[in-house]
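Here is the structure we will look at, set down as structure tokens.
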2 protein chains.
Amino acid sequence: MSFVTHLESALDGTRLPARTLQTLHEGRPLWVRYDLDAVAGAVDRDALVQREPTLWRYRELLPVDDDEAITSLGEGLSPLLPAPRLGAALGVPRLLIKDESQLPTGSFKARGMALAVSMARQLGVERVAVPTAGNAGGALAAYAARAGMDCVVLMPEDTPLVNKLEAVLFGARAFLVDGLIHDCGAVVREGVERCGWFDMSTLKEPYRIEGKKTMGLELAEQLGWRLPDAILYPTGGGTGLIGMSKAFEELGAIGWLEGRTRPRFYSCQSSGCSPIATAFEAGERFAAPAPDPATVASGLRVPVAVGDFMILDAVRASGGRAMSADESRLLATMGHAARLEGISICPETAACLLVLEQLVAEGELDAEQQVVVFNTGAAQKYVECLEVELPRLSRASPDWDLLAG
Amino acid sequence: MSFVTHLESALDGTRLPARTLQTLHEGRPLWVRYDLDAVAGAVDRDALVQREPTLWRYRELLPVDDDEAITSLGEGLSPLLPAPRLGAALGVPRLLIKDESQLPTGSFKARGMALAVSMARQLGVERVAVPTAGNAGGALAAYAARAGMDCVVLMPEDTPLVNKLEAVLFGARAFLVDGLIHDCGAVVREGVERCGWFDMSTLKEPYRIEGKKTMGLELAEQLGWRLPDAILYPTGGGTGLIGMSKAFEELGAIGWLEGRTRPRFYSCQSSGCSPIATAFEAGERFAAPAPDPATVASGLRVPVAVGDFMILDAVRASGGRAMSADESRLLATMGHAARLEGISICPETAACLLVLEQLVAEGELDAEQQVVVFNTGAAQKYVECLEVELPRLSRASPDWDLLAG
């Protein structure tokens, strides 16, 4: 049995029982709550190093009761890479990049889906469905296949090719909808009633947060349980930022953290779709839908986030900000970073790097500070975004002036 | 300093000094040799669990002397995943898949390039070049970027889009050649003379083998230092199979292996390009060039392998075989496996699964045996191979008969 005690409405604190299928409470997401004193008593922090190098090493801070329900593709413990050249160029030489592109299906979405599918399996779910703007559909398709579940993926027509491909590869029943992700979400809601689907949308079941939380747990462990000064995180649905914030709270409560530093969270969006940044600037707790969302960073094309208040609460409590990057500079920034560090930077992460540039210019971040940027997915998944027109050579008489460079 | 004592010709045993730039000796590859007694004295096998979850945990069995030269993107310790449904379907329920799709740049090529670039850096190389049929170019481009080296990548015109894309993304100078990988290799050889490139081709420098060797080291550690009965490995240039064979020899010599089982190696190719399988059948030690190589498994499109005799020696010494799979069945097999297990199976690995089917049919493998298949890259990198024609839905009036499935 896990250490979960109950679920709790993120908006009003209403308590709901765990170990039964839950979705939203009065339209708002649920937190998973644990007996943290018991966790503290059960686990020796310094013995974690001996455990398997996946997110399941934090088993006592995860909600799965039944080992047989665990649905794993080996996810987690993504590398925390120094980025000295990029950091120097940006004025933050201590820059670290947590590289989520090396997870199953090439994105951070694997974490949330690993937990959500494991819990759905434990609770007897057989048919799952999800709306997706990008990587979530491929990740759910993979984990549903691993669990032997029926899976439906609903995508906007202009979803990136590779995301469509992986939904098909893993045997999901995938469909294109003439709308945006929230239109896909509306079809999923109707499918819950009509077809008995379980809705795996961001924050509409309680466990994707718990999977994303492991980004924070890993970051803490990788930094010797001392948290960094700032975390820049690309925000679509926002589960990762919410999950990390929860991770640091829980780690604080069980006494595993060294030092008093708690990171400022910078929620990063694109000027093409920045509802959270707009609400932050306006001092609002809830975000208005973004008009005409358009960005090459498909994971940021989320005009309506059901957890808007959770993201904004976490950002404000941390002393950070929600900001927006210039859409027209995303692709150039992505290429620049990849060339400097050899890391497969996605366009969503390019938004973070542009926000970072702005924060340094404003004097809010500097060379003394330890800054962590999350690279949420692999650039290789964005085949539509990059020009690949290569010079051609004859094998019989190659152009040596060209080759010599 | 590392435990390397010298380099040694794989064909005739000639000794050459380490710690100086070496390529081939009389046209044939070199082994890296270690003082294995000293390694055995220096490392406690059972303390490895405390080390970082990358291939650098095996530092004493790797050739890098200078820590500053280590060029890492967090590679290694890929998951060893049970594949119970696929295994049951094939008649080998103990089937395990070592999933190399989760490495940097989404393929096993990261291992070899991490070591080769680190050693090139240690030895003062500034310009590297490679011919590639697929994933090697992207991997070299990433590690060269990480090391700040100039990188030239030469590819056949029909190289997969994603491989072209990643060479460009990571800032390599990439070119298309009107020929196959060995034609690209000829241009690289000329560039060594004309432009001072260092040739990073498979087996033409000594250290890519050492990187690939870590697949064998990890497999042994992940299985509690007891080796499996059989390993099926897709063979293009063959470095992985050669490297694993070397790993098991070295682990035996330092006394880390439990039990006496040594795996039979099955080298798997496609009927579209199977020079090693053909040479094996004919009882030859050297392989004739494959005529008209054509396969969707781009990594297997290697008609001439400079390490042919090393592959064939390793396969024969192990009691295994070199075999070829039906090209026309690769894509269907890849999809079938991905749907059953949620693992991102590449077409090269599909060749292994077809060979496995054949070995079970012949009675050579059965339900008692522990079989390991290597998944050498992510299916998502093969966007040209998969049909992605999805049904379209109207958000206003979705077709519920279709959705209900």
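The values are calculated or read from the model by the stated rules, or taken from the named source; none is laboratory data. Since the structure is predicted, the reported quantities are computational estimates derived from the model, not experimental observations. Note that each Cβ is placed from the backbone with ideal geometry, even for glycine, and that neighbours are counted across all protein chains shown. Quick note on the areas: whole protein, heavy atoms, side chains included, nothing else; ligands and nucleic acids left out. Shrake-Rupley method; radii C 1.70, N 1.55, O 1.52, S 1.80 Å.
The table below lists the values:
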item: Förster radius 45 Å - calculated FRET efficiency between A:Asp158 and B:Asp37 (Cβ-Cβ, nearest 0.05); result: 0.15
item: Unpartnered cysteines - no second Cys beta carbon under 4.7 Å - across chain B; result: B:Cys151, B:Cys184, B:Cys195, B:Cys273, B:Cys346, B:Cys385
item: Above-threshold pairs, the threshold being 20 Å between Cα atoms, out of B:Lys212/B:Lys246; A:Lys381/B:Lys164; B:Lys109/B:Lys213; A:Lys98/A:Lys204; A:Lys98/A:Lys381; result: A:Lys98/A:Lys204
item: Chain B, relative contact order [Cα under 8 Å, separation at least 6], %; result: 17
item: DSSP beta bridge pairing in chain A, given as percent antiparallel to the nearest 5; result: 30
item: B:Arg316 versus A:Asp366: modelled label distance in nm, points set 7 Å from Cα along the beta carbon direction; result: 6.9
item: Under-5 Å amide H pairs with B:Arg264, H placed in peptide plane, nonlocal only; result: B:Ala230, B:Ile231
item: Distance-filtered residues of region B:156-176 - backbone nitrogen under 18 Å, label point 7 angstrom along B:Glu384 Cα→Cβ; result: B:156-169, B:174-176
item: Compactness of region B:146-194, expressed as Rg and Dmax over alpha-carbon positions, Å; result: 11.2, 30
item: Estimated [θ] at 222 nm from DSSP helical runs (n ≥ 4, -39500 (n - 2.57)) normalised by residues in chain A, nearest 500; result: -11000 deg cm²/dmol
item: At 0.692 mPa s and 37 °C, Stokes D of region A:305-400 from Kirkwood alpha-carbon radius, µm² per second; result: 204
item: Cut-off under 5 Å, modelled amide H: who pairs with B:His6 long-range; result: B:Arg33
item: Sulfur and carbon atoms: percent of accessible area, chain B [1.4 Å]; result: 48
item: Debye-sum result for region B:39-159 in log10 I(q)/I(0), which assumes one identical scatterer on each alpha carbon, at q = 0.09, 0.17 Å⁻¹; result: -0.34, -0.93
item: More than 25 angstrom apart: percent of Cα pairs within region B:144-273; result: 41
item: Vicinal HN-Hα couplings computed from phi for region A:167-172 (Karplus, 6.51 cos²θ - 1.76 cosθ + 1.60; Hz; Gly/Pro x); result: 4, 5, 3, 8, x, 5
item: Only Lys, Arg (+1) and Asp, Glu (-1) charged, at Cβ; the protein assembly as shown dipole about Cα centre in debye; result: 480
item: Distant-in-sequence amide H partners of B:Cys346 (H built 1.01 Å from N, under 5 Å); result: B:Thr376, B:Gly377, B:Ala379
item: Low-density loop cleavage sites - GluC sites (Glu not before Pro) in region A:285-380, where at most 15 other Cβ are within 10 Å (DSSP); result: A:Glu362, A:Glu364, A:Glu368
item: Compactness of chain A as Cα Rg over 2.2 N^0.38 Å, two decimals; result: 0.97
item: Interface residues, region A:81-118 - accessible area loss of 30 Å² or more versus chain alone, probe 1.4 Å; result: A:Leu81, A:Arg85, A:Gln102
item: Within-11-Å neighbourhood charge of A:Leu300 [Cβ basis; K, R +1; D, E -1]; result: -1
item: Shielded residues, region B:359-402 - accessible-area loss of 30 Å² or more between chain alone and all protein chains, probe 1.4 Å; result: B:Gln380, B:Val383, B:Leu386, B:Val388, B:Leu390, B:Pro391, B:Arg392, B:Leu393, B:Arg395, B:Trp400
item: Simple spin-label estimate for A:Ala88 and A:Ala288 in nanometres, 7 Å along Cα-Cβ; result: 4.6
item: Cα gyration tensor category, rounded, prolate or oblate, for region B:360-405 with a/c compared to 1.5; result: prolate
item: Inter-copy label distances at A:Ala88 (7 Å, Cα→Cβ; nm, one decimal); result: 5.6
item: Radius of gyration and Dmax over the Cα atoms of region B:203-255, both given in Å; result: 11.0, 33
item: Relative contact order (percent, whole number), region A:1-132, Cα cutoff 8 Å, 6+ residue spacing; result: 21
item: Whole-Hz ³J(HN,Hα) from phi, Karplus 6.51 cos²θ - 1.76 cosθ + 1.60, for region B:246-256, glycine and proline x; result: 5, 4, 5, 4, 5, 5, x, 5, 8, x, 8
item: For region B:259-350: relative contact order, % (alpha-carbon pairs under 8 angstrom, 6 or more apart); result: 35
item: Value of Rg to Rh for region A:206-352 (Rh from inverse mean 1/r over Cα pairs, i.e. Kirkwood); result: 0.98
item: Residue mean of other protein chain beta carbons inside 10 Å, A:173-181; result: 4
item: Dimensions (Å) - region A:1-100, Cα atoms, principal axes, largest first; result: 50, 35, 28
item: Selected from B:Val187, B:Val371, B:Val296 as most flexible by GNM, with chain B as the system and alpha-carbon contacts under 10 Å; result: B:Val187
item: Karplus 3J(HN,Hα) series, Hz, for region A:384-396 with 6.51 cos²θ - 1.76 cosθ + 1.60 (x for Gly, Pro); result: 6, 7, 10, 6, 10, 9, 9, x, 9, 10, 8, 5, 6
item: Residue of chain B nearest the B-to-A rotation axis [by Cβ], rounded angstrom distance; result: B:Pro53, 2
item: DSSP-defined beta bridges in the protein assembly as shown - what % are antiparallel, rounded to 5; result: 30
item: Inter-copy spacing of B:Val388 label points, which lie 7 Å from Cα along Cα→Cβ, given in nm from shortest upward; result: 1.1
item: Calculated FRET efficiency for the pair B:Asp67/A:Thr5, C-beta based, R₀ 60 Å, to 0.05; result: 0.80
item: Where A meets B: accessible area buried, both sides, 1.4 Å probe, Å²; result: 6300
item: DSSP-loop chymotrypsin sites (Phe, Trp or Tyr not before Pro) across region A:239-318, with at most 10 other Cβ within 10 angstrom; result: A:Phe286
item: P(r), alpha carbons of the protein assembly as shown - 10 Å bins starting at zero, rounded %; result: 3, 14, 25, 27, 19, 10, 3, 0
item: Lys/Arg +1, Asp/Glu -1 at C-beta; chain A dipole; positive extreme among A:Thr132, A:Thr333, A:Ala144; result: A:Ala144
item: Distances in nm from B:Gly13 to the matching label points in the other copies, shortest first (labels 7 Å along Cα to Cβ); result: 8.0
